[in-house]
Structure formats: C-alpha cells, structure tokens
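First comes the structure, then the notes that go with it.
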Amino acid sequence: MLPESRMNTFIIAQMAVSGALMGLVYALIAYGFQLTFATSKSINFGQGELVMLSAFFSLTLLDLGMPYWLMVPGGLLFGAAMGLVVERACVRLSLEQKNEGWILLTIIFGLLGFSAAENIWGRDDRPFPSPISADAMHFFGISITPLEISVAIGVFAVMGAIELFKRKTLLGKAFEAVAADRDAAQLMGVSATHTIMLSYGLSGMVAAMAGILISPITTVGPTMASALILKAFSVAVVAGLDSGFGVVVIGIVLGALESLTSFYIGSGWREAPGLILLILALAVRPNGVFGKASIRKV
Amino acid sequence: MLKRLLLLRGAELIALALLATIPLTVNNSYALGLLTLLAIYGILLIGLDVTVGYLGQVNLAQAAFLGLGAYAAGLSVTMFGFGMLEALAMSMLIGLVLGGLLAFPALRLEGPQFALATLSFSALSTTVLNEWEQLTGGAQGLSLSRPALFGHPVNAPGFYWLCLILLALVWMALRNMLSSQWGRAFEALRDSPIATDAMGVGTYRHKVAGFALGSSLGGLAGGLYAFNFEYLQPQSFTYDLMVILLLGVVLGGRKSLWGAFFGASLIVLLPNLLSNRLMFVVISALGLLVAVIAGARGWMKKTTQPFQAIAPVIAMGMLVVGGFLVENTENWRKGIFALMLFSVVVGLPDGIMGFAARYLTRLFRIDPPALPPAAALDEVLPVRRSDGRPLLELKNLKRYFGGVKAVDDICMTVRSGQVHGLIGPNGSGKSTAVNVISGLYAPTSGAVLLQGKALPTGSLFKVARAGVARTFQNLQLFGELSALDNVMLALQGAYRKPLPLVLLGLARAEEQRAQAGALALLELVGLKGQARVRAKDLTYGSQRFLEIARALARKPELLILDEPAAGLAHPDVNVLVDIIKSIHRRGITIILIEHHMDVVSELCDTVTVVDGGQVIAAGTPDEVKRDPKVIKAYLGVANGTEAPATAPLPV
C-alpha cells in the first residue's frame, strides 16, 4: 500500500496527464481557428459543429463497411469540403464588404449543422470504434492507453504537416504572404480569395481530424460541438490567435486544469476554468499570452 | 413638423392602445400568455439591440442576463419575500452590475473577441446556475409564485398590463436617449472609435454604459419572465435561446425600436406557426417569393452582388423543398431558424423594419424636424486674448517603433495665438509627432507640456479633454451622421444633464442650444446649407472643412490641422486659407502640418522643419526656406556640393 500523500500525487499526475492529452485536441481545433484568422482575420464560430459533423460522417463511412484507414482520408475530405462551404456561404461576402457579418453567419451555419445532425444521426451519443487498443499501459504508476497516445501523435502529425506545407511549398508561402499583408500579397499576384479558401479548407480538415481523434474517447453526439468549441475558443484566445506554439502549451495546461477541476470540484464545473481564463486573458492580454500587439494607425 | 409628430407618435400610441385593449375583448388565456411574452421579449430585444445594433457588436450574453435577472427576481421573492417592484428592481440591478463587470474587460476588445467573451460569460453563468444547487436548485429548477404589487395580488391580465407599461416606459426612455448626445456617440463610435476619442467623447465609456444598460434591460425582462412562468430552469437560458434572440433583432431590423418589437413578435409566434403544417408551407413559400423578388430587383438594379441575390433564394428553396421531405417540421426548428436568419442577414441586412422604414419615410415624405437659427459665433467660440507665451512645449520627445526612430529627440515651442507650421518631407516624423501630442501614441520618452503643465500621454480622450483638438490626414469623420451631428457630437460643454434626465426626456432644451451652436460653426466653414447631409455624402473638400468645424466644437486651446489641404482642388485651398485665417483671428493657437509651401508661407508665423525624426530648422517661413539644410532635405544635394544659400524653396 502506498501512503496517502503519494497516492494523492499519483492521482493528480494521472488526472493531469489524461487531461493534457485531451487538451491537445482542443489545441488542434484552436489551430484550425488560427489558420483562417491568419489569412482573413475571421474564424468559424460553427467549428464545433464542423468537428461533430465530420465525426458523424466518418462514423457512417465505418458503418458502411469502409476500413478505418480508408475512412480517415474520407473524413478529412468531408471536413475540407465543409470548410469550403463555410467560406463561400458565410465568410466571403462580409470580407468583401469589410464588415463582421461573418460572426453571425458562421453561428447560423453551426445552428443548421446542429439541427441536421440531430435529425440525421439522432440525439444520442454513439460509440466510435477504433482499431487502436484502449487497454491501459503503465508508466511510473500512471496509466495511459495507446488510444490516448494516438491522439497526441495525430495532433502533432497534422500540425507538423501543415507547418511544413506553409514553409516549404510555393502555395504555403503564398499562404504566409497573405497572412502577413493581404494587400501587398495581392499586388504581387497572389490571390487572396484563393488563399482564404485554402485556409478554410485546411481548417475544415483539421476540424475533421480532431473529430476522428477524439471520438473514440468521448463518443459522438450532437452536443459534443458546444462542449468542444468553448474550450477551443479559450485555448485560441488565451494563447493568441497567431501562435501555433502557444495553442499547444495552453491546450495542455487547460486540459490538465479541466480534468483536475472536474475531479476536485465536480464535473459540472469542468468548463469553468477555461471560461474564466478566457475572460481574464481578454482583459489582461487581449492579444493572448503568446500573441503580438498591433499598432493603431490613422 | 406636426405631421412628423402625428405620424411617428401616432403609430406608437395606436400600437400601444391596440395591445392594451386586447385582453378586454379576447378572453383567451393562451393568447394572453403570448402577449405577455411579447411584451417581455420586447424589453429584452430592445436591450439586445443597444449592443447588437447601436454598438455594432455581436453580443451573445443577453440570454444569460435574462436568466440571471430571472433568478435574481425569483430568489429575492423566495428568500427575502420581496414585492413585485423591489424584485424587478433587483433583477435590473443584477443585470446592470454584472453587465458592467463583463463590459469592462470585454469592451476593450473588438468583433470576434468580444463575441467570444460574451459567449464564455453565458456558458459560465449557465454553469453557475446549474451547479450552485443550494441557491438555485440546480437542474431541478426553482419554483416561485408571483408576488404582490403594492400589497395587491396581480392576476394574469394585470400582469400583462404591467409588462406592457414597462415596455412603453423602456421604449420612451430609449427613444429619448437615442435622440440625445448618447445616441450620437453610439453612432459615432461605430464609424470611427479613434475620432470619438479624439473629440473627447470617450468610446470606451459609452460602450460600457451602453452594454450595461442593455444588460439591465435583459435583467428586467428576466424578472418579468420569472413572474410570468413562475418556474425557472437553467437550461432555458442557454446558447439556443441566444441564437433565437439574435434572430429576432436581425430579422426585425437592427437600430430600431420597432424592429426589436417586430422581432419579439416573430420569436413569440414562430414556434406556433412552425408547428402547423399548412402555416409552415405558406410561410416558407412566402419567404421564397420575397427572396426571389428582392433578389431579382437587386440584381436588375445592380445594387446587390449576385451572391446576395442568389444565396437567400437557395436557402429559402431548401426550406420549401425540406418542408415536403421532412415528416415533422418541429424537429427541424433550429435548422429552419438558421435558414431564415441566413436569408435575412445576407439578403436584407437592414432587417424587415429597416426595409419598411425606408419605404414608409418615402411614402409619407416625413421631413426631419426644423433647425433653430444659428447661434452667434462669439457665443460658441469667444475671441481669446493671446499673449504670445509658450502654450505647447515638446521636450526631447522620442517615439520609436522597434528600431525605427520616427520621432527622435524633438524640442519645439508653440506660442499662444500663433499659427505654427510643422513641415518636412514624407516620412520625416511630423505625423508621428502630432500623434504623440494628441495621445494616439504614448511617447517613448520626453515630455509634452500644455501651458506649463504635463499633457496626459497615450490617451486621445484625455488629451482632447485637456483642450487639444485635431483633424486627421486620412479623414476620420462619422460617415453615417449628418454634418450637424458630427459637430454637435464634439460640442464641448453643451451636454450637462445627467443620464436619468436624458432618459426622462428632460434634456431637449440643451439639445436645441447645441444645434444652434453647431450651426454657427458650420456657418464658419461654409457648410450651414448642408447641415442635414450625411458626412459621407459630402464632397471631399467639404469633408475636410467639416473636420475643422468638428475640431473647433471642442473650443480648443490648441488646434492641430494634419495636412488639411491634402488632396484639395485649388479653389478649395483658397477657402481653406480663409477658414484658417478666421480661426486665427479668434485667437486660437494652431499647429499646421502642410506640404503646400504657399499655404505655409501665407499662414504661419513660425515654422519648424523636421527630417529623420529631428528638428533641422526653425524660424519664420522666409528664414527656413533659405536654410540650406531644409533645401537639402527636400531636394537632396549631390555629394560634396553646397546648396546655394540664397536659393529659395520652390513653391
């Protein structure tokens, strides 16, 4: 038998580690916000529904008998396509008119997606099978499942691939150029519209990946959207909307914090620390902990 | 004037009378319930419209304020035995206080970040209502019974009339507020927050006040909601309700009391309409028809983009087709809301009432109310005695942006009553210097003194309040406001009545005086005839002059004109020179940044020349024109040769 205090330390460590792994998924969704924010200064308020819809779509592919490893690209394609729909239907017009109508329109997209999911796939949470084992392995007394490790690997793989794409390919450099200065990039012959479309497509793909990664752990249901999006928002805003490194750090911290809160205070309060952090971060550092301040010009 | 009063007030009175008499003629408790809900949602949406419409921010917290207000009222009845009015006051107070607390951090943000902050607040308050079970009963809900009003029990029609009276009071208070300086400030800060601050009006404080006011109305509506249903559950006040409230405001029409009311009736009636199959088919078909007609008209007249014409038709088409495919339309309630909301936001951005209002104004030809005669200029802008003593002193002023030394150790003294020219080639640091003086940027180091006292730094608002007014090189007018309102907004010392009196409509006299004063200033710059023209519809030259009139409304010690002649046609430059001369004659000290050397020579008593962030020459216009360093800065000199000391600058 271990003494009580050692026991407590183990529980805390266990909670923190599994929370942190969940936090990586929040970070991945938040990274999806950053992609579109970089090119267009807009984000999809219906991103949670996009995660949920992609997860349901992937589940349907599996139900139709598609093998898991074929389903993944199918799900990602679906996510990318939905991202493009969001860009066309909800974002492009208000960007052209230079107003903030996209906030309302992407909220509306989310509402429609939610209603569709509720009616097509039902209101109940459903299990999402995965070929990766969920049997616990023990490291220094902390149990981790291969499934959880696969989440971490998946998150870093996607983020790494996109970062590599942005740095190494011509298209990716166009992306960075539009992010740095939309007008100047346009004068150099880079189409801002196409780049923004690309960023929404990528963002949708990232959302789909997040859905596929997290669903085997949490199950799939229409309500997963609102639960995920608030945390992803918190991560994105606290970290800053332009720091890819920041979202990973803040995602891990927030995930751990959430898991500890839910253990010590009650599972109903699990969202509170993220929300409080978000409001505090906005009050103290509106550009995020890792963000850069901008200069006002007249 | 009379016609205007009759039509506008008449419509309100008729609507109120109709609503008030319905319970006398129709004896149907279901209908009465809907009407009560209509009045409650009316108050709620008017409050929401303050932020969504007037402040132009997407506010996702109003449903939370409804809930918080409802619980505040409910708990003050169940725990403390409050009467009706005290409990309602309590719920308003909760809305006001929490709204203020949220607004302080949240309104430093713009657009999406603000929406996120309010979204988190809503989620947080739902969590608290759910989890603080000792207080709220958690998910079990809170039962209460409607308290007495002045010791008398209130029956259902009585409660309905109470709600209606409160709606009418809120309506009148908001109308008074929106037609006062507050309403102008709300309009202005959406157009140009920077100029709102620079005119000493204060963007932030007006935003916070507006948000807190809207939240307190949310709280009040919550109190009424609690007494209407007599049972509360945290799940009633979540994100879903918020989206429906937004639907109401946007569909009804933003920035309109009638729009909010129309939106409220829509929200109340929609669930009933959707549950009836035939009604749904009729409504969706009507929606499609409107979308097709509006889209086709817009396309023909080329007033809308193709997307704006097509997308609503597609959305409405989905609604019609979906109506035939789906078995139970009620299950798709959210989807139906989404499609309708989408069509309105894209195709009819002003909402249904915005559209109707434009049409009705044209139909009845309602003129704006007549203006008072202009005040005497001496009253508005008294002639000052200038003594030539130092008014503004820059001491070793520096402002760096990273490694760029935009302003690098500038010393300058502006004497009272003078026109002080500040010239230099492009990128020399003139504008940055002026932006530091006027508070847009904080200096990296150094001091700015006004009349020997340190001028506040880093705040446009505080500097403006200290007596410095400015114009902007890139115009920062309030485009949606009329020329008159632009000047009235900035009019210093004109608005002394506190907000409660404004809400009661007891500030009309000072409004009239402000109009007269603003007209005098418009006359000074030759725009009196265009007082009612929207600023963005004025010619470019007139816009420049309007900015000067607006800055003068601050009755400044020091007026900074940032390239007032930039882009002006030659005849307008002459008008400008005359305007500046007449301002100078009134004893106002002026800093003039200008590229036109002839303008500078004609107007300036003293000129300071900067280049590379440093002062390279100072003196009378003639002296600096002959200064070799100045000629070198402007024209450049080949290496090794000296510029001829006598060659004057070309003008």
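Using equal-weight Cα scatterers in the Debye expression, the normalised intensity of the stretch A:184-298 in log10 at q = 0.18, 0.21 Å⁻¹ is -1.07, -1.26.
Our coupling estimate for the stretch B:342-355, obtained by passing each phi through the Karplus curve with A = 6.51, B = -1.76, C = 1.60 and θ = phi - 60°, is 4, 4, 5, 4, 7, x, 9, x, 7, x, 5, 6, x, 5 Hz, Gly and Pro reported as x. Listed from fewest to most Cβ neighbours within 10 Å, the set A:Ser226, A:Ser267 follows the order A:Ser267, A:Ser226.
Give, as ranges by residue number, the residues of the stretch B:86-117 whose backbone N falls under 15 Å from the point 7 Å along Cα→Cβ of A:Ala283. What the label zone holds, given the 15 Å backbone N cut-off, is B:97-109, B:117.
Computed over chain B, the per-residue total of -39500 (n - 2.57) for DSSP H runs of n ≥ 4 gives a 222 nm mean residue ellipticity of -19000 deg cm²/dmol, rounded to 500. Altogether, the Stokes-Einstein calculation at 25 °C and 0.890 mPa s, with the Kirkwood radius of chain B over Cα pairs as Rh, returns a diffusion coefficient of 88 µm²/s. The Cβ shell under 11 Å around B:Gly10 holds other residues with a net charge of +2, Lys and Arg each +1, Asp and Glu each -1. Roughly speaking, what is the centre-to-centre gap between the stretch A:114-137 and the stretch A:227-298 when only Cα atoms are used, to the nearest Å? Spelled out, the Cα-based centre of one part sits 26 Å from the other. Kirkwood radius for the stretch B:25-116, taken over all pairs of different Cα atoms as the inverse mean of 1/r, rounds to 14.9 Å. Annotation: the antiparallel percentage among DSSP beta bridges lying fully within the protein assembly as shown is about 65.
Quick one: helix B:540-552 against the long Cα principal axis of chain B, what's the angle to the nearest 10°, folded into 0 to 90? Between helix and principal axis, roughly 90 degrees.
Counting charges near A:Asn119 (Lys, Arg +1; Asp, Glu -1) among other residues having Cβ under 14 Å from its Cβ returns a value of -2.
A Förster radius of 30 Å combined with the Cβ-Cβ distance from A:Ile132 to B:Leu325 puts the calculated FRET efficiency at roughly 0.20.
Here the label points at B:Gln451 and B:Ser582, each 7 Å from Cα along the C-beta direction, are separated by 2.7 nm in the simple model. Using the Cβ of A:Ala161 as centre and a radius below 12 Å, the other residues enclosed give a net charge of +2, where K and R count +1 and D and E count -1. Going from the fewest other Cβ atoms within 10 Å to the most, the residues A:His194, B:His420, B:His584 appear in the order A:His194, B:His584, B:His420. Lysines within cross-link reach of B:Lys581: Cα-Cα under 21 Å, excluding same-chain residues under 8 positions apart? Partners found: B:Lys528, B:Lys555. Taken residue by residue and averaged, Cβ atoms of other chains lying within 10 Å of the Cβ of A:268-276 number 4.
Rg/Rh for chain A (Cα atoms only, Rh after Kirkwood) is 0.98. Here the Karplus relation 6.51 cos²θ - 1.76 cosθ + 1.60, evaluated at θ = phi - 60°, turns the backbone of the stretch B:381-387 into coupling constants of 9, x, 5, 9, 8, 10, 10 Hz, with x for every Gly and Pro. I'd like the orientation of helix B:2-25 relative to chain B: the angle between its Cα long axis and the longest Cα principal axis, in ° from 0 to 90, rounded to 10. The helix B:2-25 is inclined about 20 degrees to chain B. Can you pull a Stokes-Einstein diffusion coefficient for the stretch B:270-367 at 37 °C (0.692 mPa s), Rh from Kirkwood over Cα pairs, as a whole number of µm²/s? After rounding, the answer is 229 µm²/s.
When both the stretch B:585-638 and the stretch B:71-140 are represented by their alpha-carbon centers, they are found 59 Å apart. Largest first, the three principal axis extents of the alpha carbons in the protein assembly as shown are 92, 76, 65 Å in whole numbers. Here the stretch B:483-555 yields Rg over Rh of 1.03, to two decimals, using C-alpha coordinates and the Kirkwood radius. Percent of Cα pairs in the stretch B:424-548 per distance bin of 10 Å, from zero to the largest separation: 12, 32, 32, 21, 3, 0.
Shielding value for B:103-111 is 3, the average number of Cβ atoms from other chains within 10 Å of each residue's Cβ.
Taken as Cα centroids, the stretch B:250-270 and the stretch B:457-494 sit 34 Å apart, rounded to the nearest whole angstrom. Ranked by the mean number of other Cβ atoms within 10 Å per residue, highest first, peptides A:48-55, B:585-592 order as A:48-55, B:585-592.
Between B:Arg534 and B:Leu635, the modelled labels are 4.9 nm apart [label points 7 Å from Cα along Cα→Cβ]. Taken about its Cα centre, the protein assembly as shown carries a charge dipole of roughly 1880 debye when the Cβ of each Lys and Arg holds +1 and the Cβ of each Asp and Glu holds -1. Where the alpha-carbon atoms of the stretch B:32-237 are placed on the principal axes, they occupy 52, 36, 27 Å, in descending order. Amide H contacts of B:Thr606 (H built 1.01 Å from N, in plane; Pro and chain starts excluded): B:Val419, B:Gly421 sit under 5 Å, all sequence-distant by 5 or more or on other chains.
Computed from the Cβ-Cβ distance with R0 of 41 Å, the FRET efficiency linking B:Val282 to B:Ser143 stands at 0.60.
Label positions at B:Val404 and B:Thr361, each projected 7 Å from the Cα along the C-beta direction, are separated by 4.1 nm. Can you give me the angle between helix B:239-252 and the longest principal axis of chain B, using Cα atoms only, in degrees from 0 to 90, rounded to the nearest 10? The angle comes out near 70 degrees. Using θ = phi - 60° in the Karplus curve 6.51 cos²θ - 1.76 cosθ + 1.60, the 3J(HN,Hα) couplings for the stretch B:575-586 round to 4, 4, 4, 4, 4, 5, 4, 6, 5, 4, 4, 7 Hz; x is entered for Gly and Pro. Across peptide A:87-100, the average count of Cβ atoms from other chains found within 10 Å of a residue's Cβ is 3. For the stretch B:193-315, the alpha carbon convex hull comes to 175 Å³ per residue, rounded to a whole number. About its Cα centre, the dipole of the stretch B:483-555 is roughly 100 debye, where the only charges are +1 on Lys and Arg Cβ and -1 on Asp and Glu Cβ.
Close amide H pairs (under 5 Å, H built 1.01 Å from N) link A:Phe290 with A:Gly240, residues at least 5 positions away or on another chain. Using the Cβ-Cβ distance between B:Leu8 and B:Cys411 with R0 set to 60 Å, the FRET efficiency works out to roughly 0.55.
Among the GluC sites (Glu not before Pro) within the stretch B:110-172, those in coil by DSSP and having at most 15 neighbouring Cβ atoms inside 10 Å are B:Glu110. Listing B:Arg333, B:Arg544, B:Arg358 from fewest to most neighbouring C-beta atoms within 10 Å gives B:Arg358, B:Arg333, B:Arg544. Pairs spanning more than 27 Å between alpha-carbon atoms, out of A:Lys41/B:Lys405; A:Lys173/A:Lys231; B:Lys430/B:Lys629: A:Lys41/B:Lys405; A:Lys173/A:Lys231.
Values quoted throughout were computed directly from the atomic coordinates according to the rules given, and no laboratory measurement underlies them. Just so it is clear, the model here is predicted, and its values are computed rather than measured. FYI the Cβ positions are ideal-geometry reconstructions off the backbone, even for glycines, and counts take in every protein chain you see.
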